[in-house]
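Only one structure is covered here, and it is reproduced in the block below.
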Amino acid sequence: MSHFETDAIRIGSSKSNQREHSAPLYLTSSFTFDTAEEARAMFAEEIQGNIYSRYANPNSSELLDKVCAAEGTEDGIATASGMAAMFGSIASLLQQCDHILASRSLFGSTHQLLTRVFPKWGITSTYGDISDIENWEKLIQPNTKMLFIETPSNPGLEIIDLEWVGKFAAAHNLILVVDNCFATPYLQQPAKWGAHIVTHSATKYIDGQGRVLGGLILGKSELIKEVQFFTRHTGPSISPFNAWILAKSMETLAVRMDRHCENALTVARYFQESRDLEFVKYPFLASHPQYNLAKKQMKHGGGIITLNLKGGIERAQRFIDQLQMISVTANLGDSRSIITHPASTTHSKLSEEERAQVGISDGLIRLSVGLEHQEDIIKDVENALEKSR
Ligand SMILES: *Cc1c(COP(=O)(O)O)cnc(C)c1O
């Protein structure tokens, strides 16, 4: 319709007959029919309408209207968590004996899904390294049906060329799934580059205040129909309350992301000057190996920084323990700045070798830069660096 900011606020259809200005919360498990014939026709999908909140609810529809406009996708499903979205997108579109090619650097639980859950049902995966993307063709098997990637990746901040990967998927007839959690639709729209399915942990930046869990599966109508069939009958639906929160949050996504990115770039530049650092990684720092690519496909660099302090894991832990304001927790994308030590928390279920392959060293720290004043964030970091020396 119009600009991203305007659509995120103005699009959304959940109006009751009470002339409310802000979307109401529909806490109802089912919806009534005027006649038996209407009930029949709705179940037969001859007419559209709400039937039961496991299928759809005005609040999840409102959320989907907004995120589909933001991502430029035709249709979608909202789920109870990001992992329900990752699971649902794969389980609904693949079957026994199918194979997935995935970028190696993936969120910890997505990695568990691919290596330990789906093989139980005969769906197998192979990982490709981003540094070796020219050779991904060799990793394709006759039964490869899906290409699953994350960019920027959690926590490695690896950037994959969406234009390249979109063409690659099309050339090999693969369903391209992109987990767009780190970038959000405000910074990057994978569907534009040919992604068939875009998934989200809405728990992160879309909520943006660390309150609720939620996930999204978005894409072309014909594929989403398959996903809808799966979610309707397996039940990973989002609660109306969480959908209501997330739809409200979409209204402020653009302004929040602008500030997250501005703060993160400032903090990343601060770290770059520090003599305590082995390295700092941020997509919009010229030192990032895929800086030009990040510039090409992302509006700003995002809110996440990774760093390695001199002194390895002991120093990393001393540093974390000396922070006074920044929270030590496993979430990210919150208005509060958050620090996480992936090797001992979010990615601890990976073997040491698996962690090494995705660049998660023992001393690696992930900083989700929040919306506090950048001077206060830097002051906290500076103080903790000094006290941990
Ligand atoms: C957090 C996260 C998920 C999982 O989402 P939940 O809402 O916690 O289930 C998936 N992918 C990425 C990249 C994430 O950061």
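The values are calculated or read from the model by the stated rules, or taken from the named source; none is laboratory data. Nothing here was measured: the structure is a model prediction, and the numbers come from that model. Note: ideal-geometry Cβ built from the backbone for every residue, glycine included; neighbour counts use all protein chains shown.
Details
- Any pair with Cβ under 6 angstrom, 6 or more apart, that starts in the stretch 154-179 at a residue that is outside the structural domain of ALA102 (by TED's automatic domain parsing) and ends at one that is in a helix (DSSP H, G or I) and at pLDDT below 95: none
- With a requirement of 2 or more residues that are in contact (Cβ under 8 Å) with a residue 40 or more places away in the chain and touching an Asp or Glu at 6+ places or on another chain (Cβ under 9 Å), the strands (runs of 3 or more DSSP E) lying completely within the stretch 192-292 that satisfy it span 197-201, 215-219.
- Selection from the stretch 341-356 of residues that are in contact (Cβ under 8 Å) with a residue 60 or more places away in the chain and either closer than 14 Å to THR203 by Cβ or in a helix (DSSP H, G or I) (or both): PRO342, THR346, GLU354
- Within the stretch 66-93, residues that are over 11 Å from VAL227 (Cβ atoms) and charged (D, E, K, R) reach partners that are within 9 Å of the ligand (Cβ to nearest atom) and not in a helix (DSSP H, G or I) with beta carbons closer than 8 Å, at six or more positions or on different chains, in the pairs GLU71/ASN180.
- If you go through the stretch 68-87 and keep only what is surrounded by fewer than 22 Cβ atoms within 10 Å (Cβ to Cβ) and within 16 Å of the ligand (Cβ to nearest atom), you end up with ALA80, SER81, MET83.
- Subset of the stretch 106-133 [acidic (Asp, Glu) and touching a residue at least 24 places away in the same chain (Cβ under 8 Å)]: ASP129
- Lone qualifier among GLU354, GLU382 - being of a type in the set (Asp, Glu) and surrounded by 15 or more Cβ atoms within 10 Å (Cβ to Cβ): GLU354
- The set of residues in the stretch 118-156 being within 15 Å of the ligand (Cβ to nearest atom) and at pLDDT 95 or above consists of PHE148, ILE149, GLU150, THR151, PRO152.
- When residues of the stretch 180-231 are limited to those that are among the aromatic types (Phe, Trp, Tyr) and more than 13 Å from the ligand (Cβ to nearest atom), the one surrounded by the fewest Cβ atoms within 10 Å (Cβ to Cβ): PHE229
- Hits in the stretch 37-62 - residues which are free of Cβ contacts under 8 Å to residues at least 60 places away in the same chain and of a type in the set (Lys, Arg): ARG40
- Each residue in the stretch 270-279 was checked for being over 14 Å from GLY312 (Cα atoms) and in contact with a Leu (Cβ under 7 Å, 6 or more places away or on another chain), and 3 of them qualify.
- Residues located in the stretch 101-114, provided they are within 15 Å of the ligand (Cβ to nearest atom) and either touching a Pro at 6+ places or on another chain (Cβ under 7 Å) or closer than 21 Å to SER131 by Cα (or both): ALA102, SER103, ARG104, SER105, LEU106, PHE107, GLY108, THR110, HIS111, LEU114
- Here ASP65 qualifies as modelled with pLDDT of 95 or more and either within 16 Å of the ligand (Cβ to nearest atom) or assigned to a helix (DSSP H, G or I) (or both).
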